[in-house]
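Let me begin by presenting the structure, written as structure tokens, before commenting on it.
The values are calculated or read from the model by the stated rules, or taken from the named source; none is laboratory data. Quantities reported herein were computed from a predicted structural model and do not represent experimental measurements. Reconstructed Cβ throughout: ideal geometry from the backbone, glycine too, with neighbour counts over all protein chains shown. Heads up: the accessible areas ignore ligands, DNA and RNA and are worked out on the full protein's heavy atoms, side chains in. Shrake-Rupley method; radii C 1.70, N 1.55, O 1.52, S 1.80 Å.
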Amino acid sequence: MMKIAYVSYQIQEKYTSTTVDEDKTLLEFLIGKGLSIERVIWNDPAADWKNYEVAIIKSPWDYHEHIAEFKQWLDHLEALNVKLLNPYERVRWNMDKHYLGEIADSGLAVIPSLFLEKGERLDLNALMAHFKTEKLIIKPCISAGAKNTYILTAQNLSGHEAEINGLLQEEAFVAQPFMPEIHDGEWSFLFFEGKYSHSLLKIPKDGDFRVQTYHGGSVNVQQGLDKHIKSAAAYVEQYAQGCLYARVDGLIVNGELNLMELELIEPYLFLDTHQEASENYYKALSANL
């Protein structure tokens with residue numbers, strides 16, 4: 001029987017998304033389906049990756065803190081001819097938020113983004129003029145979970161400028177106008193093997209902009225409008241070909257879905273929010289085995 005590695009990370013508590021341990025429940029579900037699958041820590045030196053024919057990237061939630069090591073790990077698996085879900089090329093592409101520029105250039109709707117390359121200095125006035133806004137959000141191009149994310153205004157710039165310029169010596173950042181629509185919630189649309197499965201609305205707590213539950217955000221099970229599901233599917237069709245899973249995160253701006261992130265590496269899948277979600281995942285996985 002084909003052996004499958006269910007790839008996770010070392011410290012379970014650090015990035016807990018919700019009270020439900022999706023890693024555990026999905027793994028048990030897949031074992032119950034008769035698959036030969038086991039949880040493996042992506043950077044466990046004792047892991048012998050040649051024992052596996054397939055590896056599912058499920059929750060290496062600390063990869064962005066060990067990016068060089070993670071890239072080496074991908075190269076190692078690829079050299080061993082382990083089939084990776086999602087595919088190697090898509091994972092490498094999706095690691096760095098510069099991909100948002102490529103999607104925007106294709107004509108699909110993306111939250112306006114400008115990239116501050118490593119070694120550049122922050123010019124808030126120029127950015128505000130470019131976006132015609134008084135409030136900016138900036139975050140690293142390689143990051144997760146709102147780490148090193150700043151909301152900047154003319155009033156609070158002096159408190160953050162030196163720190164951000166220091167970080168810019170180490171890595172690239174993306175700047176975006178702060179979108180007031182975030183207060184209405186951020187939509188997530190889940191697709192398995194390119195097929196729509198389910199959707200939900202993540203709403204930040206009062207006075208915050210971060211939708212993650214560990215920052216006080218709430219998850220609201222909602223069926224997206226057909227037109228928004230169709231819009232979400234367009235990102236998947238163009239940029240997530242051959243992917244076991246894809247999560248399209250976006251805001252509704254003037255009645256249209258605008259992409260915030262296309263998550264192809266380790267998104268929480270909110271499988272507990274929809275009755276058929278785990279079965280949808282399993283069917284997509286079976287098609288890849």
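Answer with yes or no whether GLU65 is open to solvent by 30 Å² or more (accessible area, probe 1.4 Å), at pLDDT below 95 and out of contact with any His (no Cβ under 7 Å at 6 or more places or on another chain).
Numbers: open to solvent by 30 Å² or more (accessible area, probe 1.4 Å): yes; at pLDDT below 95: yes; out of contact with any His (no Cβ under 7 Å at 6 or more places or on another chain): yes.
Against the criterion (open to solvent by 30 Å² or more (accessible area, probe 1.4 Å), at pLDDT below 95 and out of contact with any His (no Cβ under 7 Å at 6 or more places or on another chain)), GLU65 qualifies.
Count, please, the residues in the range 40-62 that happen to be open to solvent by less than 20 Å² (accessible area, probe 1.4 Å) and of a type in the set (Ser, Thr, Tyr).
1
Is it the case that the range 18-37 has a residue that's exposed (fewer than 14 other Cβ atoms within 10 Å of the Cβ) and basic (Lys, Arg)?
Within the range 18-37, one or more residues are exposed (fewer than 14 other Cβ atoms within 10 Å of the Cβ) and basic (Lys, Arg).
State the number of residues belonging to the range 152-183 that are in contact (Cβ under 8 Å) with a residue 40 or more places away in the chain and surrounded by fewer than 14 Cβ atoms within 10 Å (Cβ to Cβ).
So the answer is 3.
I need a count of the residues in the range 267-282 that are open to solvent by 20 Å² or more (accessible area, probe 1.4 Å) and not aromatic (Phe, Trp, Tyr). Break it down stepwise before answering.
Within the range 267-282, the subset open to solvent by 20 Å² or more (accessible area, probe 1.4 Å) is 272-276, 278-280, 282.
This time we only want the ones that are not aromatic (Phe, Trp, Tyr), so: 272-276, 278-280.
The number of residues fulfilling the criteria is 8.
Residue by residue through the range 155-182, note down the ones that are of a type in the set (Asp, Glu), under 14 Å from GLU117 (Cα atoms) and either under 21 Å from the mean Cα position of the chain (by Cα) or at pLDDT below 90 (or both).
Selection gives GLU171 alone.
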